[in-house]
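Scroll down for the structure; my scribbles are underneath it.
Taken together, the values in this text are just the output of simple stated rules run on the coordinates, not laboratory data. Bear in mind that the values here come from a model prediction, so they are computed numbers and not experimental data. As a convention, Cβ positions derive from the backbone with ideal geometry for all residues, glycine included, and neighbour counts pool all protein chains shown.
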Amino acid sequence: MVLRNLWRRGTRSLLTVLGIAIGVAAVVALGAMARGIAINYGNALGLSNDLLVTQANAYDVVFSNLDEDLGRRIAAIPDVTNVDPGVFTWIAVGDVPYFLIFGYEPNSVAMQHYRIVEGKPVMAAKEIAIGRRAADALKKQVGDTLRINGVPYRIVGIYETGQGMEESGGVVTLDDAQEIAQKQRQVSLFQVGVRRGADIELVRQRIEKLDRNIVVSKASDYEGSEQWTASLQGLAWGIAAIAILIGGLGMMSAMVMSVLERTREIGTLRAVGWSRGRIVQLILGEAVVLSLAGGAIGVGLGVLLAWLAGRIPGAGAFLEGSISPGIIGQGLATALGLGLVGGAYPAWTAANLRPVEALRYEGGGATASTGFLARIGDQSFRNLWRRRTRTLISTAGIGIGVATLVMLGGLIDGIIGQLNGLAGSGGTGSITVMQRDVADMSLSSLDERLVNLIRAMPQVKSASPYVLGVVSTPDLPLFIFGGLDPNTPAIRHYKLLEGRYMQRPNEIVLGKIAAETYKLGVGDTITLYNNRYKIVGIYETGIAYEDGGGILALREAQRLLGRPRAVSFIFVDVYDPSQARAVAEAINRRFPEVRASLSSEFAQNTNDIQTTQAMTTAIRLLALIVGGIVVANTMIMSIYERTREIGTLRAVGWSQRRILLQILQESVYLCGLAAILGSILGVALLTGISVIPVASQFIEVAWSLQTFVVAIAVALALGVIGGFYPAWRASRLQPVEALRYE
């Protein structure tokens, strides 16, 4: 009986299944990609030895900085057979947005991990062996030249390791990697070989005793940053939740309509003795069957999407999914949950129908709502309120998508504003200089000798070097700090609220949000990388992530981060603001390894923002697809309910075009209402999140007209796209057949 009832409205059932399937596909595909990224990135170091040594409390190994002299001390420990220093970073090269660079000494055990299948291994400076996937994406072969930071490298070999991320990068000599990553006499890690039969745990403990700022792990146990993995999984679930919520509300709307159109049937069943529990089982059974069908399709679709994502040229290796029984189980559990939750209210409604009233039900809107909203506006607007519950549920589903778009717009605009307001960019003529082709702005590294060279340029008033650092500990989950010379003009960006600026290496000035979050004040101490610093001042900039962090003296920050002769950014002020763009272009021409931008345009030129905007476009497309299905389902249900009414209108002379336009108008009104309510919800939610103490360290909201225009335009597009087929179908109804509809 359950299957027969669903088959009676095949189109509606199919659309409901599709809505659920897309939500489940999002769970499976995004979950698989998050898991794949975490596993692949954790294995991307090509560990060929027994132990891995990295900097303690570094957010990730790519941010790890160790003095290369530490390698000699490790080699002196009993039972250590070899110590391979390595540099690990990533840059943007051609169509590969995240090109991994591995640097090891030629002929080392670590270098042998990269199995050469064409050409020869790297043996000299300015040689590079690239992975198979990188070669395919860049369309390069042995003998070609690859430019990295403007420097030509000759491709001498192509390697395969069986690991997607490794094969999307390249391996060079240790010295070249240090030059690319700007790690003078610094390395990211040490791979340590241990004599066979020796006590590895004892060797590990002895190495850790050499320096309190290192962490030693077994190569077989290394899986990358757990916090980073959790962040990826949280992001995946956050995006999937959009599709789940919209699909769940679409399911509820479909089941509510199913109950309404079968009111007399349910009344008859109650009259012949069916209990309320049996009615609930019937309606819930239909909902569960729909959801499980959607779940099965969604799992298959999710696996396919994860596979296709891994084949995207350039970025595929980073999106390659890893399917597990747990992820498939999550997808099916999500579908089942949607069925139970989405069917609960309709089942309760059906079970509580009184038999006498249900048997008197005439359908076709005879018992529709007659409230205030059903008496205002034109006919199309009034039609929406004839089934208020259905309209509100559909509006909620579409509104969630709109709210998501509004929140993303406000968040991205806020991030752009924060980055463009980075230290030293207060004047209209300010220029921000960072490393060219760096995959992530946090990895930017410049030779500090550039500061004096830029200062000597005509029109340059001042140049302030700045070092960016990140520390991750249980007490400070993600603490962003900077290093700045207190005698440079950029220090004025940090407006003191209490105390003074730092004057000694062991002093720090803390942001207002950080002081409030961690309950610290002037005179207290804070620990970074096992170093204690006295808080001598509290500042405020109005930029969330700066106010959620702190500022050290430049030399101390360089020492702490293991970057003694490198800076992250250079903030440049010019005498004549009208010449700022010309000065930026001159810097770019003279120093090909850097990218100079007007500070007001800095964020838009970073790979970080471009990647975020691409992600936003994907989320927008997801909301458009799922929302379109909800709209189409809603309008089809409306047509089913009003078939006789439409037949009457056709009989009294309404043209097919007039019917089509009215249904389309109703669809657009529905989405327009959802756009207004969703925009309000998005503003309220993001504003509320931004004042939470932990979130306020990183989130600063900025609203622009474009954000709301885009969100509303997407909603109205949903109305037209989702409403067109139902409108066309309504316009094709024959009057005689429609009037016979029961």
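Would you grab the residues whose amide H sits under 5 Å from the one on S445? Only those 5+ places off in sequence or on another chain, please, with H modelled 1.01 Å from N.
For S445, whose amide H was placed from the backbone, the distant partners under 5 Å are Q435.
Beyond 22 Å between alpha-carbons counts as too far, so tell me which of K120/K183; K512/K534; K495/K534 fall in that bin.
K120/K183
Could you grab the relative contact order for the range 46-221? Cα pairs under 8 Å, six or more apart, rounded to a whole percent.
With pairs under 8 Å counted, the relative contact order is 37 percent.
Give me, ordered by chain and number, the residues 5 or more places off D524 or on other chains with an amide H under 5 Å from its own placed amide H.
Hits under the 5 Å cutoff: I535.
Can you sort S704, S430 from fewest to most other Cβ atoms within 10 Å of each residue's own Cβ?
Ranking S704, S430 by Cβ neighbours within 10 Å, fewest first, gives S704, S430.
What shape does the range 423-601 take by its C-alpha gyration tensor, where a ≥ b ≥ c are the square roots of the eigenvalues and a/c under 1.5 counts as rounded, a/b above b/c as prolate, and the rest as oblate?
Here the range 423-601 falls in the prolate category.
If neighbour count is taken as other Cβ atoms inside 10 Å, put M635, M441 in order from fewest to most.
By the 10 Å Cβ count, ascending: M441, M635.
Between beta-carbons, use under 10 Å as the cut-off and find the net charge around Q656, counting Lys and Arg +1, Asp and Glu -1.
+4
Go through 684-691, 511-518 and give me the packing order, highest mean Cβ count within 10 Å leading.
Ranking, from highest mean packing down: 511-518, 684-691.
Two decimals is fine: what's Rg over Rh for the range 452-504, C-alpha atoms, Kirkwood radius as Rh?
Taking Rg over the Kirkwood Rh, I get 1.09.
Between Q205 and L308, what length comes free when the chain is fully extended (0.36 nm per residue of separation minus the Cα-Cα distance, one decimal in nm)?
Additional length available on full extension: 32.7 nm.
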